[in-house]
1. So how far apart, in nm, are the two label points at Asp44 and Tyr110 if each is 7 Å from Cα heading toward Cβ?
2. Using alpha carbon centroids, what distance separates the stretch 76-117 and the stretch 1-30, in Å?
3. Name the longest site-free stretch of the chain, where the excluded sites are GluC sites (Glu not before Pro) in a DSSP loop with no more than 13 other beta-carbon atoms within 10 Å.
4. Would you pull out the residues with amide H under 5 Å of Val35's amide H, same chain only if 5 or more places away, H placed 1.01 Å from N?
5. Add +1 for every Lys or Arg and -1 for every Asp or Glu among the other residues with Cβ under 13 Å from the Cβ of Met107, and state the total.
6. Where both partners of a DSSP beta bridge lie in the chain, what percent of those bridges are antiparallel, to the nearest 5?
7. Set Lys and Arg Cβ to +1 and Asp and Glu Cβ to -1, take the dipole of the stretch 4-143 about its Cα centre, and tell me which of Val26, Ile7, Ala53 lies farthest positive.
8. Express the accessible area of the stretch 4-143 per residue in Å², computed with a 1.4 Å probe while the remaining protein chains stay in the model.
Amino acid sequence: MKKATIIYWSGTGNTEMMANAVAEGVKSVGNDVDVVRVEDTNKDMVINSQLLAFGCPSMGMEVLEEESMEPFIESLSDVDFSGKTIALFGSYDWGDGEWMRNWVERMKEYGANLVNEEGLTIHLTPDDEGIDDCKALGEQLAKA
Ligand SMILES: Cc1cc2nc3c(=O)[nH]c(=O)nc-3n(C[C@H](O)[C@H](O)[C@H](O)COP(=O)(O)O)c2cc1C
């Protein structure tokens, strides 16, 4: 049974709700999970985990949040992602998901195997259906 690690940034709580629902999904199939804010994590958590989910809303102009998440993701460019399975998720508002498309491509370039090739994007605060989508993503990750 592999433990999953969920690392996220959230300014107003929408992506945090997503992170907690992904965690519920992981737990629902019996796996352990750590859910941590990016500000409280470090690269070793990524190196030591085989199942990972990363969450960040669209910020700036269709980019990752720039103070914490962007430098953290950049720091992972030399991590060996072979043997790791990851999921990406995040909330957005007015954009068309460009930040997520770029993020997916970037993680693929890092060598990561994604369970959700499109990333899970939710408009602003997740509704019940959105929460269910997050839980389903957590289950998918746990079973990977
Ligand atoms: C400074 C700032 C920049 C943003 N830039 C974008 C953007 O480029 N595209 C977009 O779709 N939404 C953008 N948003 C909207 C956020 O992605 C949206 O409010 C999201 O729900 C925030 O998630 P959070 O509650 O996890 O912080 C921006 C919001 C802020 C505060």
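The values are calculated or read from the model by the stated rules, or taken from the named source; none is laboratory data. Since this is a predicted model, take the numbers as computed values, not measurements. Note that we place each Cβ from the backbone using ideal geometry, even for glycine, and neighbour counts take in every protein chain shown. What goes into the accessible areas is simple: the full protein's heavy atoms, side chains included, and nothing from ligands, DNA or RNA. Shrake-Rupley method; radii C 1.70, N 1.55, O 1.52, S 1.80 Å.
1. According to this spin-label approximation, the distance is 1.9 nm.
2. Each part's Cα centre sits 16 Å from the other's.
3. 1-65
4. Ile6
5. Working: positive: Lys84, Arg101, Arg106, Lys108; negative: Glu74, Glu105, Glu109, Glu117, Glu118.
Counting the neighbours of Met107, the net charge comes to -1.
6. 5
7. Ranked along the dipole, the leading option is Val26.
8. Values: 6600 Å² over 140 residues.
Spelled out: the 1.4 Å probe surface of the stretch 4-143, per residue, equals 47 Å².
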